[in-house]
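Presented below is the structure to which this report refers.
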Amino acid sequence: MLRENGLEPTVIELNHETVNRLRAKGVPAIYGDASQLEILEKAGVRESATLIFTAPGSPDAVIRAAKELNPEICILARAGYLAEARSLREAGAEVVVAAEAEVALGMTVRVLERLGATGDQLDRARDRVRSELAESS
């Protein structure tokens, strides 16, 4: 979706096969550990407007390293659980998406769709729930 909208992401990945597969598709990919400053430098974090961290586990070290290179970078981070969101924001992530909450929200939406909820009703409910989750974490 990023590429379809004129954005060219660079992927940092620890799996050689994934890096090779991405490169074969024309996606810039770097093999390495994103918590290492030299890997982030190679990926262009110093000049980037945004960093999206989607790997499982704790991205605290990556967030801190990216902010060291580029204090203005906007960081979006994945958290497995809502309980992790606060520490990720404290580390410097502007947006934290908790898998636990998104899965629950997605399942609830599917049930409400089957019960006849309109798209408008679902959008309002999603926005409300995400807002409440952001305030509580």
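The values are calculated or read from the model by the stated rules, or taken from the named source; none is laboratory data. These numbers were taken from a predicted model, which means no experiment stands behind them. We place every Cβ from the backbone using ideal geometry, glycine too, and count neighbours over all the protein chains shown.
Below, the figures for the structure above:
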item	result
Selection from region 33-46 of residues that are of a type outside the set (A, V, I, L, M, F, W, C), more than 15 Å from I73 (Cα to Cα) and at pLDDT 95 or above	E38, K42
Search result, residues across region 7-29 that are of a type in the set (D, E, K, R) and either touching a helix residue (DSSP H, G or I) at 6+ places or on another chain (Cβ under 9 Å) or in a strand (DSSP E or B) (or both)	E13
Filter pass, R3 being surrounded by fewer than 15 Cβ atoms within 10 Å (Cβ to Cβ) and touching a strand residue (DSSP E or B) at 6+ places or on another chain (Cβ under 8 Å)	no
Subset of region 94-110 that is in contact (Cβ under 8 Å) with a residue 24 or more places away in the chain and within 12 Å of A134 (Cβ to Cβ) - its residue that is nearest to the chain's Cα centre (by Cα)	V96
